Amino acid sequence: MTTALLNWRILVGGGIVALLALIALFAPLLAPVDPLEQDLFLELLPPWWQADADPTRALGADSLGRDVLSRLIHAARPALIVAVVAGTLTMLLGTALGLMAGYMGGVVDTLISRMVDIWTSFPAVLLAIMLVALIGTGLHSVIIAIVLIDWTRFCRVVRAETLAQAEMEYIDAAVTGGLRRGAILFREVLPNILPLVIVLLTLEMSIAIIVEAVLSFVGLSVSSDSPTWGGMIAEGRQVIHQAWWVMAFPMGLILIAVLALNLLGDGLKTALDPVLRR
Amino acid sequence: MSLILDIAGLRVSLRRGGHLVRDVSLQVATGQVHGLVGESGAGKTMIAKAVLGILPDAVRVSTGSIGFKGTDLLSLSPRRFRALLGREIAMIPQDPLTGLNPSRRIVAQMTDTLRHHLGQSRGEARGNALRLLQEVQIRDPEKVLDRYPHELSGGMRQRVLIAMAFATEPSLIIADEPTTALDVTVQKQILRLIRQMQERHGTAVLFVTHDLGVVAKICHQVTVLHTGQVVEQGSIDHVMSNAAAPFTRALMAATPRYDQPADALHPVPEAVHQTLRDAARTFDGRNP
Amino acid sequence: MTGPLLQVRDLTLSLPDRSRAPLFGRPPLVDIVNGISLDLAVGQSLGIVGESGSGKTSLGRCLVRLYPPTSGTIRFGGTDITDASEAVMRPIRKDLQMIFQDPQSSLNPRRTVGQIVAQPVLALSVETDRRAALKRADAALDRAGLGHAFAARYPHELSGGQRQRVGIARAIATEPRLIVADEIVSGLDVSTQAQILALLNDLKQDMGLSLIFISHDLSVVRVLADQVMVMLGGRVVEEGAASAVFDHPRHAYTRELIDAVPLPVIDPEWLNAEQAGGGTKMAEIKGQTVLVTGTSRGIGKVFVDQLLAAGAAKVYAATRSGGGSHADNRVVPVKLDITSATDIAAAARDCADVTVLVNNAGINHNSKLLATDQAGAAAAEMETNYLGTLNMCRAFAPVITDNGGGAIVNMASILARVNLPLMGSLCASKAAVYSMTQGIRAELASQGVAVFAVLPGAVDTDMTKDFPPPKAAPADIVAEVLAGMQAGEADIYPGDMAKGVSGGLAADRPGVIAEMAGYV
């Protein structure tokens, strides 16, 4: 497992994700200046390689003269908190319901499956905006919104996979081998579904980052004074003609984070499959 | 009786080294059924794929020739080869379900070949498809033409595939385990049908199978393979009653028979496999 | 211990047929396994053979209680396990193991071979200590000829034959008394297959194991089985000692199955040889559209119910009045008097999807042949029983051929073969039906229509109320007719009386005729 785990996708994807996590963790130490510090003399200062740049503002400054780099670093925090917390909770809820539906079948399956059908027929982003508007802004609302909307993604895939696994003869062998239903579910079925769930988790985390960005873009995430990537894009949009960098850097960072997570998921998919791993 | 297929010194190798088929030669003449027998990994499917030009990417023909009516198939341009395939060389696949496109009616799949290779009009092709279905003794051919593959039983699907294989009056048909997926009673019908069609049209058939029983019933000539090497070759009479190679004899003794009690069954001795594996290794040593 | 290790009585398994599921509500049930009984002694091995859809795999799964049986009983080692809960089953499972068909899917890809084999040992409390269980697994792996060095490997690292040995090791690790092995060599090469068969043979002898060996391959079954059971359409068509069944098959279907196996012997005639069983091919009830005449009472009524239970897609229930309704929506009432040409023509037009025709309608006036006052009754019997049935065949043979073939069943009587003075004209009309049926069978031989003559003895219906016992129950008669159709018996003699008379006619014809003449 050790050598195979280290395929290049995991190395690159995982490396970037780990780097982002470290940046988020040590944001106060890494940020060169206070992200909230305004300096109207530095308004829309360009990044370092352009003329009129200021070496203390490596990636330039926004319309209020705040340091773009410091804001980017601090904004990694909400993004990653949402990615990890919302991703994990979504996974737990969706997987639990998916396992139940797939393994228990009957009424439970019908109930859960119909719920998934109804859920997925709403446009997700609108539903998120409605939910946050309803329960109030803030990081926890964003997390709740993502969990409530996206559990269906896990549920559907896990249910289908559980059904496929339940068809396998090793499940029958476990029955004749005397395992109880619960034990079969957790010791035989779950380990075979877990790799898929982990891959989905990385995907979900990237989706959470995007949703968080969208919600902060429309001002429904954390309060507007703490920096977020989505919020920075919203502010940058207004000065796009004078200072493209205010918007471009957070966008680029979101792109990199999402790509890295998808890459990591792809790599894990091969690494965790005992057959593909060969 | 002229030679249709003349494989000489065929060597199929993995691109990253190692051989799967080791200098195999065999000939199939007009109207003959040639059985290619062996266990999994013996190279029988690789030979069939080499003739059909559908070897996997990781594999290539490294030496040898595949003569078809006097031309070496390996020397043909891809375009000329494609023109030959389906027109002069057809195949009957193993799995009657995946051998047909599930989303198209039988009539569409059958007339495709006729229109493409023989340039027939739509109406003409439909008429010929109907005639072919009648020839393979499908009940109600009119109705079957308008059905989808999943609406037919396994035996019916295999009949359709046989009709399609014979549609262009090819000189050579490659049948890759065509009855393995069928029940025995259906298998017998299908074997009978292949034999009837092949005799009527004078088609040469390369019949790939792992079942010595099937070979005994339908083949004129047999090549027994092990680790990509020919261990026995000759007429069916010779191989069934007079086999010289220890592996052929061991394989016969390891084949269970309902007309013999249990103690008549003897697994193939490991030494027999080992001798052939060693021979393969020696071959690879000489031909890296 | 006394008595058989495994005793099965009248086992039936019905599963929902999802292909015919309605938009709402439950899909209808179809019988997968129907009325199976068997006894298996300690150390004995039973081979179950059949083609796809014969129900053999489902039966095997029922026996180890992977499927709960719908009705009947299963006793294992004296305990009734028919409805046993998993908790009750657990201590029994130690003695009752299964080897599965597909070694690829029957081994959890995420567990090592050692863990897989140790799993039942631990879960069934053969050993409570993990280390002891793994040790036992090693021993089982050695016993299965794989070697305990494989314990640390994963299933995907093994070949097909090696995986199947893991499956065997898992089954023998708890030292069971009975193993059910389902198609365990079907995907293997001949040389590997022979090794696995030899291994099972050794285990059977060394461990005193009882074995139920399920396979589509008769040759493979011959290697391991003392007893053989041949299945078709969920029923047993023939059973007995392996040597008897293979060397002297009694049943047409068994013969057909055996003749279809290609032996590695040159036999130029084999390919061209006709199927065993003459012109009559077996008929499958499942999915057929059946028209039954005379369904207002008696056998006809029973036919409708049993055809539905056997999975018929649609049953036209014909009565003279055209009335009557049925709880099952697959039943369509039809007005049909078989002495009326108009009725028959209308039925052939309205019921154009019929694939199986059961000519059951008939009358009996208990008339003597030479009694002048009963001439009218004799003519009526002939008109209904013979001409009516003939006209139905005439009208429906093209319908059935158009629908791709099927079957015609004519209800004659054992009286077709021996005349009973009390009802001489009935006997003559039935003899005419029997003769006519044989003729139609010949005419339709090449058109994919199986033609059956049914010659039952006395059946307990109001038509035979004047007839002395013994009389068979209509349900049993019909069940035997359906089984006979599916087995491809051309002439079906349901019930002990019919079998007895037909057997007697073959052995001692004058004796039977004399006895019948004195009857009543």
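The values are calculated or read from the model by the stated rules, or taken from the named source; none is laboratory data. In this text, all values refer to a predicted model and were calculated from it rather than measured experimentally. Using ideal geometry, Cβ is built from the backbone for each residue, glycine included, and neighbour counts are taken over all protein chains shown.
The single condition among (1) crowded, with 19+ Cβ neighbours inside 10 Å; (2) under 30 Å from A:M130 (Cα atoms); (3) of a type in the set (A, V, I, L, M) that A:V218 does not meet is (1). Among the conditions (1) touching a residue at least 24 places away in the same chain (Cβ under 8 Å); (2) on the phi < 0 side of the Ramachandran plot; (3) not basic (K, R), the only one that C:E515 does not satisfy is (1). Scanning the range C:480-497 turns up no residue that is farther than 19 Å from C:V358 by Cβ and within 14 Å of chain B (Cβ to nearest Cβ). Taking the range A:57-74 as the range and being aliphatic (A, V, I, L, M) and not in a loop (DSSP other than H, G, I, E, B) as the test, the residues that pass are A:A61, A:V68, A:L69, A:L72, A:I73.
Within the set C:G424, C:G457, the sole residue that is of a type outside the set (A, V, I, L, M, F, W, C), part of a helix (DSSP H, G or I) and in the same structural domain as C:K314 (by TED's automatic domain parsing) turns out to be C:G424.
The residues listed here are C:I179, C:I168; of these, the one that is under 25 Å from C:S219 (Cβ atoms), out of contact with any Gly (no Cβ under 8 Å at 6 or more places or on another chain), in a strand (DSSP E or B) and of a type outside the set (G, A, S) is C:I179. Tell me yes or no: at least one residue of the range A:122-130 is within 14 Å of another protein chain (Cβ to nearest Cβ), surrounded by fewer than 17 Cβ atoms within 10 Å (Cβ to Cβ), out of contact with any Pro (no Cβ under 7 Å at 6 or more places or on another chain) and in a helix (DSSP H, G or I). No, the conditions are met nowhere in the range A:122-130. Among the residues of the range B:230-274, those that are surrounded by 14 or more Cβ atoms within 10 Å (Cβ to Cβ), farther than 24 Å from C:V221 by Cβ and over 24 Å from the mean Cα position of the chain (by Cα) comprise B:P246, B:P269, B:V272, B:H273.
Checking the structure you have, find out if any residue of the range C:124-145 is crowded, with 24+ Cβ neighbours inside 10 Å, in a loop (DSSP other than H, G, I, E, B) and more than 9 Å from every other protein chain (Cβ to nearest Cβ). Yes, some residue in the range C:124-145 is crowded, with 24+ Cβ neighbours inside 10 Å, in a loop (DSSP other than H, G, I, E, B) and more than 9 Å from every other protein chain (Cβ to nearest Cβ). Inspect all residues belonging to the range C:50-58 and state whether any of them is of a type in the set (D, E) and closer than 22 Å to C:E256 by Cβ. Yes, the range C:50-58 has at least one match.
Of all residues in the range C:107-117, those satisfying the criterion of being closer than 21 Å to C:I196 by Cα and either more than 14 Å from chain A (Cβ to nearest Cβ) or not in a loop (DSSP other than H, G, I, E, B) (or both) are C:V113, C:G114, C:I116, C:V117. Where strands (runs of 3 or more DSSP E) sit wholly within the range C:1-106, those with at least 2 residues that are touching a residue at least 40 places away in the same chain (Cβ under 8 Å) and either away from chain A (no Cβ under 12 Å) or over 24 Å from A:G177 (Cα atoms) (or both) occupy C:6-16, C:29-40, C:45-49, C:71-76.
Residue selection: A:L179 satisfies the criterion of being within 14 Å of chain C (Cβ to nearest Cβ), over 21 Å from the mean Cα position of the chain (by Cα) and buried (at least 21 other Cβ atoms within 10 Å of the Cβ).
Working only within the range C:229-250, note down all residues that are under 14 Å from the mean Cα position of the chain (by Cα) and crowded, with 21+ Cβ neighbours inside 10 Å. Before you say what the answer is, go through the steps one by one.
Start the filter on the range C:229-250 by keeping residues that are under 14 Å from the mean Cα position of the chain (by Cα), which leaves C:229-239.
Within the range C:229-250, C:M229, C:V230, C:M231, C:L232, C:G233, C:G234, C:R235, C:V236, C:V237, C:E238 qualify.
Taken as a whole, the structure leaves A:A101 outside the set of residues that are surrounded by fewer than 19 Cβ atoms within 10 Å (Cβ to Cβ), over 19 Å from A:S223 (Cα atoms) and in contact with a helix residue (DSSP H, G or I) (Cβ under 7 Å, 6 or more places away or on another chain). Looking for something at pLDDT 90 or above, surrounded by fewer than 18 Cβ atoms within 10 Å (Cβ to Cβ), more than 30 Å from B:L130 (Cβ to Cβ) and not basic (K, R) - is there at least one such residue anywhere in the range B:87-98? Among the residues of the range B:87-98, not one is at pLDDT 90 or above, surrounded by fewer than 18 Cβ atoms within 10 Å (Cβ to Cβ), more than 30 Å from B:L130 (Cβ to Cβ) and not basic (K, R), which makes the answer no.
Close contacts from the range C:437-464, counting a first residue that is at pLDDT 85 or above and buried (at least 19 other Cβ atoms within 10 Å of the Cβ) and a second that is among the charged types (D, E, K, R) and assigned to a helix (DSSP H, G or I), with Cβ to Cβ under 6 Å and a gap of 6+ residues or different chains, come to C:V451/C:R441. Restricting A:A213, A:A234, A:A260 to those that are surrounded by fewer than 24 Cβ atoms within 10 Å (Cβ to Cβ) and over 17 Å from A:A21 (Cβ atoms) reduces the list to A:A234. C:G424 satisfies every condition listed in (1) under 29 Å from the mean Cα position of the chain (by Cα); (2) modelled with pLDDT of 80 or more except (1).
Considered as a group, the residues in the range C:389-412 that are closer than 14 Å to C:V358 by Cα and in contact with a Gly (Cβ under 8 Å, 6 or more places away or on another chain) include one that is surrounded by the fewest Cβ atoms within 10 Å (Cβ to Cβ), and that residue is C:G406. Restrict the check to the range C:163-172 and report whether at least one residue is modelled with pLDDT under 95 and in contact with an Asp or Glu (Cβ under 8 Å, 6 or more places away or on another chain). No, the range C:163-172 has no match at all. Here A:A166, A:A174 are screened, and the one residue that is at pLDDT 90 or above, within 14 Å of chain C (Cβ to nearest Cβ) and either within 30 Å of C:V117 (Cβ to Cβ) or more than 18 Å from the chain's Cα centre (by Cα) (or both) is A:A174.
Of all residues in the range C:250-304, those satisfying the criterion of being closer than 28 Å to C:S14 by Cβ, at pLDDT 85 or above and of a type in the set (A, V, I, L, M) are C:L257, C:V290, C:L291, C:V292, C:I299, C:V302, C:V304. Just one of the listed residues (A:V107, A:V82) is surrounded by fewer than 18 Cβ atoms within 10 Å (Cβ to Cβ) and in a helix (DSSP H, G or I), namely A:V107. Residue under question is A:F154, and the condition is that it be surrounded by fewer than 17 Cβ atoms within 10 Å (Cβ to Cβ) and either modelled with pLDDT of 90 or more or within 14 Å of chain C (Cβ to nearest Cβ) (or both); does it hold? Judged against the criteria, A:F154 is not a match.
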